[in-house]
1. Pick from 48, 29, 66: which is in a loop (DSSP other than H, G, I, E, B) and at pLDDT 50 or above?
2. Assuming residue 80 fulfils every condition listed in (1) on the phi < 0 side of the Ramachandran plot; (2) loosely packed, with under 14 Cβ neighbours inside 10 Å; (3) at pLDDT below 95 apart from one, which condition is it?
3. Looking at (1) assigned to a helix (DSSP H, G or I); (2) free of Cβ contacts under 8 Å to residues at least 12 places away in the same chain; (3) within 16 Å of residue 153 (Cβ to Cβ), can you tell me which one residue 72 breaks?
4. For the stretch 41-69, give me each residue that is without any contact (Cβ under 8 Å) to a residue 24 or more places away in the chain and crowded, with 21+ Cβ neighbours inside 10 Å.
5. Checking residue 34 against (1) modelled with pLDDT of 85 or more; (2) surrounded by fewer than 18 Cβ atoms within 10 Å (Cβ to Cβ); (3) more than 14 Å from residue 111 (Cβ to Cβ): exactly one of these is not met. Which one?
6. Looking at the stretch 90-103 only, could you name the residues that are closer than 30 Å to residue 40 by Cβ and crowded, with 21+ Cβ neighbours inside 10 Å?
7. Checking residue 108 against (1) farther than 16 Å from residue 163 by Cα; (2) at pLDDT 90 or above; (3) in contact with a helix residue (DSSP H, G or I) (Cβ under 9 Å, 6 or more places away or on another chain), only one condition comes out false. Which one?
8. Report the residue count in the stretch 75-102 for those that are part of a helix (DSSP H, G or I) and closer than 20 Å to residue 168 by Cα.
């Protein structure tokens, strides 16, 4: 059972483009509780954050079964090969009957933009959610890991920023 849940929780296995080597702009202390733009970001950083927000919105919709897995929708928020790897992991989790309850909270602490690539450093807090198999009392809800730092790689494609990779488990962090 843990292998299936790891498919959704262990996004660090999806390599994608490595974010190393980019200068990081780190604003003052604090950060939003979700991937939304605030006045401390430049307009370009806000666009990057909005791209990540569209990705997390799709992830939540699929994981809570509000939306079905749709490659066309995935390609609007994620770049290949990450989009396919990511959807395969979601499919494995959902095929096992798991459904997300609750939400993931992202606290973005840094955004770096270099040409057509960008990275986001975010604290991913999954403590407000579980995975369960609806209608199966013998399958108790599966908890999630404590908050961890993640690095999200994005690439500009046309007028949008698409997630190109996700590397989690980059150390403990505190949200909010």
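1. Exactly one residue qualifies, and that residue is 66.
2. Single failed check for residue 80: (3).
3. Result: residue 72 fails condition (3) only.
4. 58 - this is the single residue of the stretch 41-69 that is without any contact (Cβ under 8 Å) to a residue 24 or more places away in the chain and crowded, with 21+ Cβ neighbours inside 10 Å.
5. (1)
6. 100, the sole residue that qualifies.
7. (1)
8. Residues flagged as part of a helix (DSSP H, G or I) and closer than 20 Å to residue 168 by Cα within the stretch 75-102 amount to 13.
The values are calculated or read from the model by the stated rules, or taken from the named source; none is laboratory data. Just so it is clear, the model here is predicted, and its values are computed rather than measured. No Cβ is skipped: glycine too gets one built from the backbone with ideal geometry, and neighbour counts run over all protein chains shown.
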